[in-house]
Amino acid sequence: MKAHLAQLGLQASNPGTQIGNDNSGIGNDIQSISPVDGSLIGSTGVCSAADYERAISAAVEAGKSWRNIPAPQRGEVVRLYGEALRKHKDALGALVSFEMGKSLQEGLGEVQEMIDICDFAVGLSRQLYGLTMHSERPGHRMYEQWHPLGVVGIISAFNFPVAVWNWNTAIAWVCGNACIWKPSEKTPLTAVACQNIWNEVTADMPHVPKGLSCIVQGDYKVGEMMTQDKRVALVSATGSIRMGKIVAQAVAARLGKSLLELGGNNAIIVEPDADLKMVVPGTVFGAVGTCGQRCTSTRRLIIHSSIYDKVVDALKSAYGQLRIGDPLDQNNHVGPLIDHDAVAAYNKALEDVVAQGGRIIVPGGVLDGPGYESGCYVKPAIAEATNDMAIVQHETFAPILYVMKYDTLEEAIEIQNGVVQGLSSAIMTTNLRAAERFLSANGSDCGIANVNIGTSGAEIGGAFGGEKETGGGRESGSDAWKAYMRRQTNTINYSTELPLAQGIKFEF
């Protein structure tokens, strides 16, 4: 790990504010403790109010000059950043795993997502299309075009400490915006590493303004500076529903734009004809991958009563084969929770499900002994529950799967939709009618609805996000780029007269 930290330019003490390669506030205010072994990886300072003002001022000025660079040239800079990520993939992926606790394969996969979104953004830089329309007035032409917003603020969560930032920045940059990023205080070093790679790429590019990429480290107080700042045109925030409501209210109070990616309470419906060879791995990875700390993690498994016992027995067998331990060891399936607070929430959820009438099918518990010294390793658990239980309605960021029965597809869909969150969903079936019913307007109410794959994970090509209290925002692929730009409708009169719309006559 020391070699990886050195390759990424990380020190024992790192800056709390980064404006391009201009660093300030180097200190030990935020300590990054690895959940893998409880060791101190390094520290960063905290962005002060004065440092934030320097960063946002630099970002505003950067946006003014960057918007005048042709979009394909902006895309070329992002392409080179993607190439640098390829070079540093092993080191950055290992750091993600060590600082956050997800498996090394998942850490490397997260960096691959960064690379993929850079590739997507490069192509997008030549496809920022508008529309043309026929005017109702003779001698007129109408069209729409898209312009940069200026500054995009990004507040990211610990569970995807680098990919979510890059989902936003890669597209925001090719759209002509500057970005200012407040990473999670639980994973500050991955952010410093990303900025160091960016600085490496842009060091000899005089046309890339220093303030195009800024990082401000700190707690919610730093986030408040961003959400309340009128100079930040769009705030893209990923985190809990509670946090998202606070951000949304603050940004709305100044009539700004927000893009929210919040909680998930994702379910898989298992139909009687489902292929268990697909159900079991899809469910297990969805429930225990990243130790249940994905917004797309599978929380609920809704099983047809005719195959309920068969599916539960298969899951018990699979859970018995899970290997829990050091996520850097690729023989292990499950790493630790992020910290002791997460462990406490996990324990409380298991207590609550029993208190509320549920039954533990696969017992959980905190692991101790050699290899588990950090106190953050827990056993993935399965509980039999009903959808109306308070604990089932709540998103616990931990590897706890709730299983429940249904008799008709309509009942299953009602259960699936019967939560306040609306991020990801799936159905396991070989019945075309059931699949299409699930995908119809009368089916899943989530932003993501899958057939014969699990709830976790997403591809770069599709817009990512959810409905209801998940926030309603969209990031990454498809036409999500429009969130990072402002739409303008243009009418051009090339005639020698000035007719008014709707045939209105105005004579004098």
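The values are calculated or read from the model by the stated rules, or taken from the named source; none is laboratory data. The structure presented is a predicted model; accordingly, all values stated were derived computationally and were not measured. Note that each Cβ is placed from the backbone with ideal geometry, even for glycine, and that neighbours are counted across all protein chains shown. Heavy atoms of the whole protein, side chains included, go into the accessibility calculation; ligands, DNA and RNA do not. Shrake-Rupley method; radii C 1.70, N 1.55, O 1.52, S 1.80 Å.
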**Overall dimensions of the stretch 222-261 by Cα: Rg and Dmax, Å** = 8.8, 25
**Prompt:** What is the magnitude of the charge dipole of the stretch 349-508 about its Cα centre, with +1 placed on the Cβ of each Lys and Arg, -1 on the Cβ of each Asp and Glu, and no other charges, expressed in debye to the nearest 20?
**Reply:** 460 debye
**Asked** Using Cα pairs under 8 angstrom and six or more residues apart, how large is the relative contact order of the chain, in percent?
**Response** 18 percent
**Asked** Translational D (Stokes-Einstein, µm²/s) of the stretch 76-190 at 20 °C and 1.002 mPa s when Rh comes from the Kirkwood sum over C-alpha pairs?
**Response** 136 µm²/s
**Global form of the chain, assessed from the alpha-carbon gyration tensor, a/c cut-off 1.5** = oblate
**Request:** For the stretch 1-92, build the charge dipole from Cβ charges (+1 Lys, Arg; -1 Asp, Glu) around the Cα centre, then report which of Ser32, Ala49, Ala6 sits farthest towards its positive end.
**Result:** Ala6
**Message:** Quick check: at a probe of 1.4 Å, how many percent of the accessible area of the chain sits on carbon and sulfur atoms?
**Reply:** 52 percent
**Message:** Which of the three applies to the stretch 215-317, rounded, prolate or oblate, going by the alpha-carbon gyration tensor with a ≥ b ≥ c and a/c under 1.5 meaning rounded?
**Reply:** prolate
**Cα centre as origin, Lys/Arg/Asp/Glu Cβ charges: the chain dipole, Debye** = 1160 debye
**Asked** Roughly how many Å is it from the Cα centre of the stretch 81-108 to that of the stretch 234-285, as a whole number?
**Response** 23 Å
**Item:** Translational D in µm²/s for the stretch 396-497 (Stokes-Einstein at 20 °C, 1.002 mPa s, Kirkwood Rh from C-alpha pairs)
**Value:** 132 µm²/s
**Message:** Using a Cα-Cα cut-off of under 26 Å, which lysines could be cross-linked to Lys482, ignoring same-chain neighbours fewer than 8 residues away?
**Reply:** Lys64, Lys182, Lys210, Lys230, Lys245, Lys257, Lys468
**Enclosed volume per residue, in Å³, of the convex hull spanned by Cα atoms of the stretch 309-363** = 85 Å³
**Asked** At q = 0.15, 0.22 Å⁻¹, what is the log10 ratio I(q)/I(0) for the stretch 1-123, with the Debye formula run over Cα points and no solvent?
**Response** -0.90, -1.22
**Message:** For the stretch 260-408, what does the accessible surface come to per residue with a 1.4 Å probe? Please give it in Å².
**Reply:** 38 Å²
**Item:** Projected area averaged over orientations for the stretch 77-134, convex hull of C-alpha atoms, nm²
**Value:** 5.1 nm²
**Asked** Suppose every K and R has +1 on its Cβ and every D and E has -1 on its Cβ; what is the size of the dipole of the stretch 413-508 about the Cα centre, in Debye to the nearest 20?
**Response** 80 debye
**Item:** Part-to-part distance (alpha-carbon centres) for the stretch 441-464 and the stretch 180-225, which is given in Å
**Value:** 31 Å
